[in-house]
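The values are calculated or read from the model by the stated rules, or taken from the named source; none is laboratory data. Since the structure is predicted, the reported quantities are computational estimates derived from the model, not experimental observations. Every residue, glycine as well, gets a Cβ built from its backbone with ideal geometry; the counts of neighbours run over all protein chains shown. Note: accessible area is taken over every heavy atom of the protein model, side chains too, but ligands, DNA and RNA are not part of it. Shrake-Rupley method; radii C 1.70, N 1.55, O 1.52, S 1.80 Å.
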Amino acid sequence: MSLFARFKLFCQQNPLGIRLLTAILICSSAITLVATGTQLWIDYRYEVSAIDERLRQIENSSLKSLSNSLWEISPAQVQVQLDGLIQLPDVRYLSISSQYGDAYAAGKKPIHGPLLHRYYELTHTNHKGEEVPVGDLTLIISLDDVYRRLGDKVLLILASQGIKTFLVSVFILSIFHHLVTRHLSTMAGYARRLKLDQLESSLILSRSERRDDELSDVVSAMNSMRESIQTDVRKREEAERSLAQMNQQLEQLNSDLESRVEQRTRQLAERGRELESRGLLLEERSRQLEERTLELEMRNHDLEDALIRLKSAQQQLVESEKMAALGELVAGVAHEINTPIGIGFTSATFLADQARQATQKNPEDRFASLTLESSELIGQHLERAAQLVRAFKQVSVDQSSEQRRKFDLICYLDEILLSLRPGLKTCQPEINISGPDSLWLDSYPGSFYQIFSNLILNSVIHGFEHQSGGRIDIQVSLIDATDITSAEQSPQWLEIEYKDNGKGIPEGWETRLFEPFITSKRNQGCSGLGMHISYNLVHQLLQGSIQCQPSEQGVFFRIKVPACCE
């Protein structure tokens, strides 16, 4: 495997570490550039100060001697002094013009480049103490050497700081991978392998010593959830065994009853043949026996119906426990990873603000623009991850967080449609609500809002895709409690039938529709948790049932919940 392929594989396996490395490199590079610029400015000021110091030395020591030489009209002495001054660092050209028309020069006069010009008036003090002008001195200093020295220093500083920054970043990335990333990968692999029938092995991280930190808290939480699920599974298996024993006892009782009925029928037949001669009395007794037999058969039929309802309740109980356990597991893991995602989003937002300020100060700074685009991209993806985490948290239904009160369901449905109207502008379906004019419930209105919102939005997004209009029918009615398996909860039950004339659901999805993460629009941002949340609300909070019924066109959901929750 090539080095590039290994690096690409490492980036795919450790995206969080690569983002951390990128952030460290960007911040360190910005700090290095600022420090380098500050150091260059200080060095430039130092070089300029050194040039000013040499100019002051020339003013203090050389101007007077040049004035005396001009006064004495000594060209050789003036030229010697000029040749000596031209040897000073950064001095490129000297020229003197006297009052008598004489001109002296040293060096080659530069034309281009950064230059400093200084002009001095040369005077001589005569025997009367008067200052007499004798000429003018022109001095030109070049800054090319200063800029060249600063350029060399820039390369040295950037090279050393870049190497140091890269080594420190790699070292930090290694430590982060050793302390965090590899353990996160272990926990993710464990969560993917975790199933209801494979709960024996616990999550153990490969660490040199036990530490009480965030990773230990996450491991403890996942192991606690595993143990809780394992306990629930054992309880469910015990309940199934008890139910099987009850079924066996019921079948035995049914068999004994049938044998007794048959035996009693034979006895009655023999008695009838014996009492055939008794006429009307025998016929009356025969009718009584037939009525008794019919009553026993009706009781037998009732027992069979009770057995069927008991099996249906068992299946619903197993399905509810499975969905609840899976929902608690997903919500728990989402809660644990919410904090690192929030910290990452805060860091990305801060970096974006800093980059935006740098771009406003210097719009041509490509590094700041690239940093701004990268930080905004990171923030968008972290925001998407935070939205998914919030959706995952809703999977677990917390009954204590919902307020129970009395409300009119028909009026409340109108309020739900009014609140959803902005999201229905693109499709504008026709929604019809049929039922009594007023239907008061003692239940949880927030749960009904969540359930109907999920159903209507699913019809708009999936059923009426790429089309306007559409029809949604919601029928609400009260039914007799004797038709419900769990009739002891409430004397009256509420039955809701939800239908639309959209595309319907894919074939074979009727049994998988309420599982988490089941969606046909994952590439459009749908998480597949809406129907799973609705299922948990109906079964766990409202203590009812929701089923997807076969339909020739569109979808058909039937919801049954008690009119008064316990």
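If you keep only loop residues by DSSP, which trypsin sites (Lys or Arg not before Pro) in segment 406-480 have at most 13 other Cβ atoms within 10 Å of their Cβ? Don't skip to the answer; put the middle values down first.
Working: sites: LYS406, LYS425, ARG471; in loops: LYS425.
Answer in residue order: LYS425.
Take the Cα of GLU130, step 7 Å along the line toward its Cβ, and report every residue of segment 53-88 whose backbone nitrogen sits under 18 Å from that point.
Answer for segment 53-88: 71-72.
Quick check: with the 1.4 Å probe, what order do ILE175, ILE73, ILE559 take by accessible area, largest first? Walk me through the numbers on the way to the answer.
Details: ILE175 70, ILE73 105, ILE559 10 Å².
Final ranking, largest accessible area leading: ILE73, ILE175, ILE559.
Quick check for you: with a 1.4 Å probe and neighbouring chains kept, what is the accessible area per residue of segment 3-185, in Å²? Each step should come with its number before you reach the end.
Values: 11370 Å² over 183 residues.
Accessible area per residue, segment 3-185: 62 Å².
Which sequence of TYR93, TYR449 reflects their accessible areas, 1.4 Å probe, from the largest down?
Working: TYR93 40, TYR449 85 Å².
Accessible-area ranking of TYR93, TYR449, largest first: TYR449, TYR93.
Go through segment 57-109 and name the trypsin sites (Lys or Arg not before Pro) that are in a DSSP coil and have 11 or fewer other Cβ atoms within 10 Å of their Cβ. Write down the numbers at each step before the final one.
Working: sites: LYS64, ARG92, LYS108; in loops: LYS108.
In loop regions of segment 57-109 (DSSP not H, G, I, E or B), the sparsely surrounded trypsin sites (Lys or Arg not before Pro) are LYS108.
What figure, in Å² to the nearest 10, do you get for the accessible area of VAL180 with a 1.4 Å probe and non-protein molecules left out?
40
Tell me, what ³J(HN,Hα) does each residue in segment 445-459 have, in order and in whole Hz, if you take phi through Karplus 6.51 cos²θ - 1.76 cosθ + 1.60 with θ = phi - 60° and put x for Gly and Pro?
x, x, 5, 5, 4, 5, 5, 5, 4, 4, 5, 5, 5, 5, 5
Residue by residue through segment 415-430, which ³J(HN,Hα) values in whole Hz follow from phi under the Karplus form 6.51 cos²θ - 1.76 cosθ + 1.60 (θ = phi - 60°), with glycine and proline marked x?
5, 4, 5, 5, 6, 8, 4, x, x, 9, 5, 5, 9, 6, x, 8
So how exposed is HIS112, as accessible area in Å² (1.4 Å probe, rounded to 10)?
150
Percent relative contact order of segment 3-185, based on C-alpha pairs within less than 8 angstrom and at least six residues apart? Before the final figure, lay out the partial values.
Numbers: 182 pairs, mean separation 47.1, N = 183.
Value for segment 3-185: 26 percent.
What does the extension gain come out to for ASP473 and ALA188, with contour length at 0.36 nm per residue minus their alpha carbon separation? The partial results should precede the final answer.
Values: separation 285, 0.36 × 285 = 102.60 nm, distance 4.31 nm.
Using 0.36 nm per residue and subtracting the Cα-Cα distance, I get 98.3 nm.
What do you reckon, how do SER74, SER216 stack up by accessible area (1.4 Å probe), largest on top?
Working: SER74 35, SER216 15 Å².
Listed by decreasing accessible area, they come as SER74, SER216.
Within segment 3-185, what whole-number % of the accessible surface is contributed by carbon and sulfur, with the 1.4 Å probe and all protein chains included in the calculation?
Numbers: 7050 of 11370 Å².
With neighbouring chains kept in place, the figure for segment 3-185 is 62 percent.
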